[in-house]
């Protein structure tokens with residue numbers, strides 16, 4: 001499985017832990033930055049990672065900023081992305097099981113390394129249940145298609 005990973009300056013410490021974990025566990029990784037603690041803008045890193053997942057270059061994506069909120073909002077603007085902002089294992093399991101989320105976001109100021117790695121493991125190993133949940137995903141896609149074609 002190929003994983004897109006990205007962060008801004010507020011997520012650099014956890015990103016290094018995440019990269020080590022993914023590499024040690026046999027995942028292929030595409031790192032979309034940043035590699036610096038210098039202040040930067042999370043949309044600049046969320047976008048290429050989300051595009052890689054949306055276009056199939058990567059199977060899933062993991063994003064980190066200070067809270068996980070901004071970077072997940074930015075990723076969710078890309079058609080086909082369902083980025084879940086998770087800080088507990090239950091949410092990580094059910095965002096895959098019921099929502100078929102293809103990206104995960106964390107906040108470095110909110111979560112520790114150990115819990116992050118548990119959540120990542122669950123997120124990457126949990127399948128999508130399908131069934132009635134596919135109907136709901138299809139409705140989300142209809143909404144996305146309706147509003148992504150509107151010009152302002």
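The values are calculated or read from the model by the stated rules, or taken from the named source; none is laboratory data. Computed from a prediction, not measured in an experiment: that's the story for all the values here. Note: ideal-geometry Cβ built from the backbone for every residue, glycine included; neighbour counts use all protein chains shown.
You will find that of 13, 29, the residue that is more than 14 Å from the chain's Cα centre (by Cα) and over 12 Å from residue 105 (Cβ atoms) is 13 and no other. Checking the structure you have, find out if any residue of the stretch 2-9 is loosely packed, with under 15 Cβ neighbours inside 10 Å and over 22 Å from residue 140 (Cβ atoms). Checking the stretch 2-9: not a single residue is loosely packed, with under 15 Cβ neighbours inside 10 Å and over 22 Å from residue 140 (Cβ atoms). With respect to residue 70, is the statement that it is more than 19 Å from residue 27 (Cβ to Cβ), assigned to a helix (DSSP H, G or I) and at pLDDT 95 or above true? Here the answer is yes, as residue 70 does meet what is asked. Look at residue 19 and say whether it is in contact with a strand residue (DSSP E or B) (Cβ under 7 Å, 6 or more places away or on another chain) and surrounded by 16 or more Cβ atoms within 10 Å (Cβ to Cβ). Criteria met by residue 19.
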